[in-house]
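What follows is a single structure, written as structure tokens, with notes after it.
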Amino acid sequence: MRQLVISSDNKSPKLLIPLVVIAAVGIGWGTAQFGLLVPGLMLSLLLILPFLYTVFKEPKAGIIAFIAYCFIFNFFTREIGHFQYLYIIEGLLVLSWIAAIFHTTKDYDWSLLKSEICVLGAIWMLINFVELFNPAGASLLGWLVDMRYPLLWLLIVPLCMVVFNTKKDLNIFLILIIGMSLLATLNGVKQVTIGMFPGEHAWLTSSGYKTHVIFGQLRAFSFYIDASQFGSSQAHLLIVALVLALGPFKMWKRVLCGLAAIAFLYGESISGTRGALFTIFIGMTVVLFINKNLKLFTLALLLAVTGFCFLKYTTIGQSHFEIRRMRSALRPNDASLNTRFNNQAKLQDYLASRPFGGGVGTIGYTGKHYNSGTYLASIPPDSYWVKIWAEYGIVGFVIWISLMMYIIGKCCGIVWTTKDKGLKFKLTALTAGSTAIVISSYGNELMNVMPSAMIIYVSWAFIFLGPKLDKEIEEQQLLASQENQEEEEQQQQLPTYA
């Protein structure tokens, strides 16, 4: 019997060697015929199969991968190309949904889908479907491309509410967005000090130089779609990190968050994004409003007025590109600002007789590519608010702005009623950051571009989960207190010996 086993084991390598040789020859032939596509697919399978197994075993792994990927997919687009890397975002979300629905070892609380933030997302998605029947007759392909961000609201928020919804998950989310944003800061610094990656340089020389090289000075854009998105995202994370640095946490955590906030401030400055100043101002105003601290609010207002006067009424530091660029945002005769006002005046005349707008996908990038030759396609929106107004009309815009104001107000109310101080600071950071991006989107298309869109949607999920998390923390503290009390009583009952 023993000899049979040994003989069987000896035959296995002999059978394996021919298979390896055949596989190597097959891969070599495929490479010769189709180039690097074949080894690329083989390598992808080696990476994808373990990832699929991990996601189906633990669905929140797909959400974590999705969060990280939203920061860097533009890097793959520029450096590798030949594939629509943007659509991997939806792929990761759909994969996570399937894994959660068919999961057999965990019992998820699907009643959380009844949350207001999920219902509001469904309402906005329904309005997008109604826009298919807009009499303006927009292209269906344009609608399919532009409706992906309302769809992301419906994919991300409910998924996080059900799967990615614990205090530990909130901490993972904060660490991820701060860490990935710091990586983006480092790449931005590299761009302006050392140089760019080949794909970044090719993009800059082909079209990006028109808006990203001003008076010979490069506006850093890092991994993001452009410098405006990079600067605004850095300002967003500056607010988050700064609030956490002031929270009731361990000193080393506060120091790290403070250093991250300084890094994000520098990243915002090298982007040359003027609108990011208003993102910071709005975010900090929300922080002060939530905390209802009159002394702190007065001090912050004084600092804001001082900074405004410094930029508006002095020429100090004019030799520095970053200061000169920020100062131009406060000039009423700025050519870029006047162009935006002129475009809005044109839209007002056009939309006066179109209360439901021109249809989803008729303005901006999708307008040029899928509705070319139309009037709206010829006007750049330069603002997400203006884009909503142009596509959905005044009726749709009023509905959208009402939804946003309700969500902002509800978020502030949740933070006010949160009892746990640590959780309150985390939710304050997310509320202030997401609100700042929503309002700053009046100046640029921010909240429908990654990673800002992802951060806003996941932030909303955690904020609306706030009461649940607060209750769980309170129960854990009560349980720990009871256990400590029982231990003390048991120690008191132990006999003592002289």
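Quick note: the coordinates plus some simple rules give every number you see, no bench work behind them. The model shown is predicted, which means the values in this text are computed figures rather than measured ones. Here the Cβ positions follow ideal geometry from the backbone for every residue, glycine too, while neighbour counts run over all protein chains shown.
Using r as the Cβ-Cβ distance of W416 and L132, and R0 as 45 Å, what FRET efficiency do you calculate, to the nearest 0.05?
After rounding, the FRET efficiency stands at 0.70.
How charged is the neighbourhood of W203? Take every other residue with its Cβ under 15 Å from the Cβ of W203, and add Lys/Arg as +1 and Asp/Glu as -1.
On the way: positive: R78, K210, R219; negative: E79, E200, D226.
Result for the local shell: 0.
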| field | I98 versus L479: modelled label distance in nm, points set 7 Å from Cα along the beta carbon direction | value | 3.5 nm
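Just to confirm the filter: which chymotrypsin sites (Phe, Trp or Tyr not before Pro) across region 52-83 are DSSP coil and have at most 13 other Cβ within 10 angstrom of their Cβ?
Listed in order of number, the matching sites are F83.
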| task | Among H212, H103, H82, rank each residue by its count of other Cβ atoms within 10 Å, from fewest to most, as a rough exposure measure. | result | H82, H103, H212
| request: Amide H neighbours of I214 under 5 Å, at least 5 residues apart or on other chains, H built in the peptide plane: list them. | output: R219
| task | Rank by packing, highest mean first: peptides 121-134, 462-475, with packing defined as the count of other Cβ atoms within 10 Å averaged across residues. | result | 462-475, 121-134
| field | Distance violations [Cα-Cα > 18 Å] among K253/K419; K292/K410; K57/K106; K292/K419; K60/K471 | value | K253/K419; K60/K471
| Distance (nanometres) between label positions extended 7 Å along Cα→Cβ at Y87 and L144 | 0.8 nm
